[in-house]
Amino acid sequence: VVWVRIAEGITGFLVEPDRPGLERTRMTGKLSKRAVDNAELVFADCFVPADCRLPVTGFSNVAEILFKTRHHVAWAALGEAIACYEAALTYAREREQFGRPIASFQLVQSKLVRMATEITKAQLLSIQLGRLLDAGKATPGMTAMAKANNSEITREATRLAREILGGNGILHEHGVMRHLVDIESSYTFEGTHDINTLIAGREITGLSAFT
Ligand SMILES: Cc1cc2nc3c(=O)[nH]c(=O)nc-3n(C[C@H](O)[C@H](O)[C@H](O)COP(=O)(O)OP(=O)(O)OC[C@H]3O[C@@H](n4cnc5c(N)ncnc54)[C@H](O)[C@@H]3O)c2cc1C
C-alpha cells in the first residue's frame, strides 16, 4: 500500500511489487530492528491504474491506522523494557563485586527501582488505554501519549540495564544491547516521539504546534 498526495488530498494505492517503473532497493547497514527488512522505493514513470486506488481520501484514513498501531507499538516497547529489567535483576543478583552481589548496592537498587516504577506506570497507562479502546472511548491523543511514553521509558530502561550489566552489557548474548538499539526504531516509527507529543499536545490544548 502506497500513500500519496494527489489534488484531492491523501489517498492510497495498491501497487504490485513488479509494476514497471517501481524500483525497490533493500536498505542495508541497519543497526536497529535488523530482523525487519526495509526497502527504498523509487517510482519513475510508474503508471498505476485508477482501479488500484483505495476508496479513501484524506489523512484521517492513515491516522485511523496509526491510531490502532500506536497502541501495539506502546505494548511492544513495554515488553522490551520488561525484558531488560528482568535481565538486569537476574544479573545483579548473581554478579559479585567487593565480595557482595551488586544488587546489594544502593546505586544499583536505585536503577532497578527506577525501571520497575516506570514499567509499572507504563503498564497501568497501557492497560487503561486498552480498556478505553475496547469501550470505544480512546482518542488519538491517548494512543500517541502511550506510544511516546512507553518508547521513552524503554529507552531509559535499556540504558540502565546495560549499565547494570557493566561491560557484559554490550554482548549480544545478554540481549539488552539488542533492545537498546531496537528501541531507537520504535521511538521513531509510527510517528516520532516529537510528533506523538504534538498530537497529544494538540488534543489537550486544542492548538496545533506542528507548523
Ligand atoms: C525500522 C523502521 C521501519 C519503518 N517502517 C516504515 C513503514 O513500514 N512504512 C512507513 O511509511 N515508514 C516506515 N518507517 C519510517 C518512519 O515512519 C519515519 O522514519 C518516521 O515517521 C520519521 O520520519 P523521518 O525519518 O522522515 O524523519 P523527519 O520527519 O525528517 O524527522 C526528523 C526529526 O525532526 C523532528 N520533526 C519533524 N517535524 C517536526 C515538527 N513539526 N515539530 C518538531 N519536530 C519535528 C522529528 O521528530 C525527528 O526528530 C520506518 C522507520 C524505521 C526506523
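The values are calculated or read from the model by the stated rules, or taken from the named source; none is laboratory data. Note that the coordinates shown come from a computational prediction; the quantities given were computed from them, not determined experimentally. Here Cβ is always computed from backbone atoms with ideal geometry, including for glycine, and neighbour counts include all displayed protein chains.
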Restricting region 143-161 to residues that are in contact (Cβ under 8 Å) with a residue 60 or more places away in the chain and of a type outside the set (S, T, N, Q), the one nearest to ALA81 (Cα to Cα) turns out to be ALA157
When only residues in region 163-179 that are free of Cβ contacts under 8 Å to residues at least 60 places away in the same chain, surrounded by 13 or more Cβ atoms within 10 Å (Cβ to Cβ) and out of contact with any His (no Cβ under 7 Å at 6 or more places or on another chain) count, which is nearest to GLY29 (Cα to Cα)? MET177
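Any residue in region 4-26 that is within 11 Å of the ligand (Cβ to nearest atom) and either touching a strand residue (DSSP E or B) at 6+ places or on another chain (Cβ under 8 Å) or closer than 30 Å to VAL181 by Cα (or both)?
No, region 4-26 contains no residue that is within 11 Å of the ligand (Cβ to nearest atom) and either touching a strand residue (DSSP E or B) at 6+ places or on another chain (Cβ under 8 Å) or closer than 30 Å to VAL181 by Cα (or both).
Taking helices (runs of 4 or more DSSP H) that do not extend beyond region 120-211, which have at least 3 residues that are small (Gly, Ala, Ser) and either closer than 27 Å to PHE105 by Cα or within 16 Å of the ligand (Cβ to nearest atom) (or both)?
Helices (runs of 4 or more DSSP H) meeting the threshold: 140-164.
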Could you please give the count of residues in region 83-111 that are surrounded by fewer than 18 Cβ atoms within 10 Å (Cβ to Cβ) and either in a helix (DSSP H, G or I) or charged (D, E, K, R) (or both)? 13
Checked GLU40, GLU64 against criteria (within 27 Å of the chain's Cα centre (by Cα), more than 30 Å from ILE127 (Cβ to Cβ) and within 16 Å of the ligand (Cβ to nearest atom)); the one match is GLU40
Single residue of ALA92, ALA144, ALA81, ALA116 found to be farther than 25 Å from GLU173 by Cα, out of contact with any Asp or Glu (no Cβ under 6 Å at 6 or more places or on another chain) and at pLDDT 95 or above: ALA144
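What do you reckon, is LEU54 at pLDDT below 95, closer than 30 Å to ALA200 by Cβ and loosely packed, with under 15 Cβ neighbours inside 10 Å? Don't jump to the end; show me each part of the working.
Numbers: at pLDDT below 95: yes; closer than 30 Å to ALA200 by Cβ: yes; loosely packed, with under 15 Cβ neighbours inside 10 Å: yes.
So LEU54 fits the description; yes.
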(1) over 21 Å from GLU152 (Cα atoms); (2) touching a residue at least 12 places away in the same chain (Cβ under 8 Å) all hold for PHE98 apart from (2)
